[in-house]
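**Q** Provided herewith is a single structure, encoded as structure tokens, for subsequent inquiry.
The values are calculated or read from the model by the stated rules, or taken from the named source; none is laboratory data. Remember, predicted model here, so these are calculated numbers, not experimental data. We place every Cβ from the backbone using ideal geometry, glycine too, and count neighbours over all the protein chains shown.
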Amino acid sequence: MRRQYIDIENSDTLRLKTDTLDAPAAGEIAITVDFAGVNRADILQRLGLYPVPDDASPILGLEVGGQVAAVGPDVDGFKIGDSVAALVQGGGYATRVNARADHTLKLPANIDSRNGAALPEALLTAWHNVFTLGALKPEETLLVHGGGSGIGTIAIQMAKAWGARVVATAGGQEKCARVRSVGADLVLNYRSGTLIEDFKNLALRGAIDVVLDMAGGDFTPLNFELAAPDGRIICIGVMRGSKAEIQLVPVLMKRLTLTGSTLRGLGMEGRAVGFAALEETMMPFVAAGQIEPHIDTVFSMEEAMAAHNRMQSGEHFGKILLDCRQTLN
Ligand SMILES: NC(=O)c1ccc[n+]([C@@H]2O[C@H](COP(=O)([O-])OP(=O)(O)OC[C@H]3O[C@@H](n4cnc5c(N)ncnc54)[C@H](OP(=O)(O)O)[C@@H]3O)[C@@H](O)[C@H]2O)c1
């Protein structure tokens, strides 16, 4: 099947090209892509800073929303025309892609393919880190650094739907207000210059059970200070730097856990386990409208570079998407 896709010409140039996609293999479905999610990892890959694993497509794009176009052998539960969203092994910035059926979510009636494209990466990242590694309980408090990110906005809603209290950080008053509107109970401006005092004044020192941290760097010792006894600090990104100086005494005194993960590092089976858990636990909240993506902007495929520039600017709130509904000439 002919398709259009976005090729990395060099670190500054993305170009629309055409090639042929194989029929879906066993366990896979082919998806006609309506929209593709843009993720930080895509920018790193474009810049040559995120090596593509051997079993992945070198084409950008980790998540899509669209319709099932073909069903490969040994696939149950999907038929042509189903509205779906999938995590893919690269190749999402395209008009068509093959996805593992067990990495695909069937979309409920209230979620179209535009909103669907914004879900797989964020749902699975938040699920694995907050609920599996972090084991967040409904009576606990979650702190989300980067509350206005694509991942953060979904993680906040998942934790609220779960029954937990959610505190978040964001850069600037306007973003803080928007993160509050997503459902966070308290949002602190990390650019205020008084972040540590603000946490202390709100009696949050020693009160955080789970931290979802995409900041790293100098937020790491802060996380140790804020953590409650038996607190779990989960690192998913290093927006403030990959080095941190830490005091080990709070680790001993409070029995803290510091861990982290990447979705690709989970492996095929680990991701499939995560999707099965999401279907059971979080998709009912999605279908009920309690968890919904916040879309910042939608760019055409030809504007993929502008989409990356928007993400790099840090001005966005929520998800950036590519509209892949192209017509092949
Ligand atoms: N480990 C995994 O499996 C996994 C999977 C997906 C994503 N991630 C990571 O999760 C993060 C969010 O991804 P995304 O696609 O949702 O990206 P995104 O929407 O661009 O979010 C980036 C977030 O980082 C925050 N941030 C940037 N610089 C910061 C700083 N100096 N101090 C504190 N916060 C800062 C931003 O906050 P403001 O806008 O409020 O400044 C924003 O909320 C990225 O680091 C990404 O690499 C990890």
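**Q** Got a number for residues in region 37-60 being under 24 Å from Ile80 (Cα atoms) and out of contact with any Asp or Glu (no Cβ under 7 Å at 6 or more places or on another chain)?
**A** Adding up the residues that qualify gives 1.
**Q** If you go through region 309-329, how many residues are modelled with pLDDT of 95 or more and more than 23 Å from Cys176 (Cα to Cα)?
**A** Count: 4.
**Q** Next question, about the same structure. So which pairs qualify, if the first residue must be in region 124-147 and closer than 15 Å to Ala272 by Cα, the second must be of a type in the set (Lys, Arg) and more than 9 Å from the ligand (Cβ to nearest atom), the Cβ gap must be under 8 Å, and the two must be at least 6 apart or on different chains?
**A** As it stands, the answer is Leu124/Arg271, since those pairs meet every condition given.
**Q** If you check Leu222 against the conditions, is it touching an Asp or Glu at 6+ places or on another chain (Cβ under 6 Å), within 13 Å of the ligand (Cβ to nearest atom) and not aromatic (Phe, Trp, Tyr)?
**A** No.
**Q** Residue by residue through region 1-47, note down the ones that are within 16 Å of the ligand (Cβ to nearest atom), within 18 Å of His103 (Cβ to Cβ) and in a strand (DSSP E or B).
**A** Phe35, Ala36, Gly37
**Q** Does region 255-270 contain at least one residue that is in contact with a Ser or Thr (Cβ under 9 Å, 6 or more places away or on another chain), in a strand (DSSP E or B) and within 16 Å of the ligand (Cβ to nearest atom)?
**A** Yes.
**Q** Those residues that are in contact (Cβ under 8 Å) with a residue 40 or more places away in the chain, closer than 20 Å to Leu256 by Cβ, out of contact with any helix residue (DSSP H, G or I) (no Cβ under 8 Å at 6 or more places or on another chain) and not hydrophobic (A, V, I, L, M, F, W, C), I need them from region 162-219; list them, please.
**A** Asp209
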